[in-house]
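One structure is given below, encoded as structure tokens.
The values are calculated or read from the model by the stated rules, or taken from the named source; none is laboratory data. Bear in mind that the values here come from a model prediction, so they are computed numbers and not experimental data. Don't worry about glycine lacking a Cβ; one is built from the backbone with ideal geometry, like all the others, and counts go over all protein chains shown.
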Amino acid sequence: MEQVIVTIFLALFALQFAIEFGLNELNLRQVAISAAQKAIPDAFRGKIDAQDYAKSVDYTLTNGRFHRWSEIYGSTILLLVLLSGSLGVVDQWAGQWAESSALGRYGQGIIFCCAVAVIFTVTGLPTELYSTFGIEAKFGFNKTTLGLYFSDKIKGLILSLVIGVPFLLVVLWLMEIMGSTWWLWAFAFISLFQLLMIVIFPTFIAPWFNKFEPLKEGELRERILALAEQIGFQTSGIYSMDGSKRSAHSNAYFTGIGKAKRIVLFDTLIEQMTTTQGLAVLAHEMGHYKMKHIRRMLLVQTVFLFAGLYILSLLVAYPPFFAAFGLAPSNHGALVLFTLVSGPFTFYLAPLMNRLSRKHEYEADRFAALTLRDGKPMEEALINLTVKNLSNLTPHPWYSAYHYSHPTAVERIEAIRRLAAFS
Ligand SMILES: [Zn+2]
């Protein structure tokens, strides 16, 4: 049976790899062909000069070519960890350590999970470092220093220890004492935990990494206050963030629920946009709030969590699942193994989630255009963002359908124009 499990896993893994790799190749080819024909989409004609366009093509191609190697590298590491029997060795070592320090079975579980996390964090460093200090730096985006990069890593580590370890302990404890219905209890616990994180993340965790300040006095702020009043958005929730500390990329996002909700504008975005464009971006973010997009996304994720935990409850009671990857059956082993092998299965959910997310983006754009009674500012903001971030103007449609959480700027602009045509 172990052989069958490994074979099925490898077949699905190979399929995922082929799709992922193939989509990237398609996208690279599409961009190269468009560049050779100078096929700038209509919406961008006259809005992007030849030099910026060439730079955006170069940026996309550089990232895509690097993605080939990072994909091969990451897949090799994962297969090595899963198939070499090293998980079993790490688990035994964690068991001995826990025993000699009188930490018991939960101690073994925590040590094992941490050790696996360390393996993937450390092996992931080379690609991450090259991407940040090689590619991003070459194109003038990177503002992170090595010091800041590693201080971020250390803060992340502290967070995992302070929040992740207690979280893991509770899950392991529920698995141990709740019998066959443990997964329902775990579902309730994890759902509540997620809600708690959504509330505490913007107010307690994010400020540890970035400075958040209420938007500065000025015309933009005045007009935003008026807009917020019109829409009914609590105005104390609009912040500017020092994104320029790490990267010249610009962005804006809406996060949190209830009183913890926030709209965050990167300082880089405020700097590069006109007041009217900035206002359009804000109207878009308020659209996410008004249409309860966070809640809808959360609901879908909760359904996935429920299904995932149910499947895990079947696997944890099925010894061949462990034997296939060289592990002795245990609750912590099931958690880690499930996380590591689920990729080839959950891979197909990503485009569905992205599709839902893209639907939300169209809705928020529509909301912005209707609220401002003009689609032009949103269009201009999108063009501005796309050009400054060197975003790919001509992604392959399959690639963007699979990977993009936002529709392309061209798709969004066309949707806004259609809206104007009907109103
Ligand atoms: Zn959005």
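Of all residues in region 26-46, those that are surrounded by fewer than 15 Cβ atoms within 10 Å (Cβ to Cβ) and of a type outside the set (Gly, Ala, Ser) total 6.
Taking the condition buried (at least 23 other Cβ atoms within 10 Å of the Cβ), among the charged types (D, E, K, R) and under 17 Å from THR408 (Cβ atoms), does GLU363 pass? Spell out how you get there, then give the answer.
Working: buried (at least 23 other Cβ atoms within 10 Å of the Cβ): no; among the charged types (D, E, K, R): yes; under 17 Å from THR408 (Cβ atoms): yes.
For GLU363, the condition - buried (at least 23 other Cβ atoms within 10 Å of the Cβ), among the charged types (D, E, K, R) and under 17 Å from THR408 (Cβ atoms) - is not met.
Among the residues of region 366-389, some residue qualifies, meaning at least one is over 22 Å from ILE40 (Cβ atoms), touching a residue at least 60 places away in the same chain (Cβ under 8 Å) and in contact with a Lys or Arg (Cβ under 7 Å, 6 or more places away or on another chain).
Looking only at residues in region 264-304 that are within 14 Å of the ligand (Cβ to nearest atom) and assigned to a loop (DSSP other than H, G, I, E, B), the one that is surrounded by the most Cβ atoms within 10 Å (Cβ to Cβ) is MET291.
For region 360-377, which positions are more than 11 Å from the ligand (Cβ to nearest atom), part of a helix (DSSP H, G or I) and either touching a helix residue (DSSP H, G or I) at 6+ places or on another chain (Cβ under 8 Å) or over 23 Å from THR268 (Cβ atoms) (or both)? Break it down stepwise before answering.
Within region 360-377, the subset more than 11 Å from the ligand (Cβ to nearest atom) is 366, 369-377.
Add one more test, that the residue is part of a helix (DSSP H, G or I), and what stays is 366, 369-371, 376-377.
If the condition is that a residue be more than 11 Å from the ligand (Cβ to nearest atom), part of a helix (DSSP H, G or I) and either touching a helix residue (DSSP H, G or I) at 6+ places or on another chain (Cβ under 8 Å) or over 23 Å from THR268 (Cβ atoms) (or both), then ARG366, ALA369, LEU370, THR371, PRO377 are the ones that fit.
Any residue that is without any contact (Cβ under 8 Å) to a residue 40 or more places away in the chain, away from the ligand (no atom under 16 Å from the Cβ) and under 24 Å from LEU385 (Cα atoms) - is there at least one of those in region 252-263? Scanning region 252-263 turns up no residue that is without any contact (Cβ under 8 Å) to a residue 40 or more places away in the chain, away from the ligand (no atom under 16 Å from the Cβ) and under 24 Å from LEU385 (Cα atoms). For region 236-262, the set of residues classified as surrounded by 15 or more Cβ atoms within 10 Å (Cβ to Cβ), more than 21 Å from TRP208 (Cβ to Cβ) and at pLDDT below 85 is empty.
Every residue in region 386-414 that is more than 20 Å from ILE48 (Cβ to Cβ) and either within 16 Å of the ligand (Cβ to nearest atom) or more than 21 Å from the chain's Cα centre (by Cα) (or both), please. Within region 386-414, just SER405 meets the criteria. Screening VAL316 against (1) among the aliphatic types (A, V, I, L, M); (2) within 16 Å of the ligand (Cβ to nearest atom); (3) buried (at least 20 other Cβ atoms within 10 Å of the Cβ) leaves a single unmet condition, (2). Under the condition of being over 28 Å from the mean Cα position of the chain (by Cα) and of a type outside the set (S, T, N, Q), the residues counted in region 326-372 number 6.
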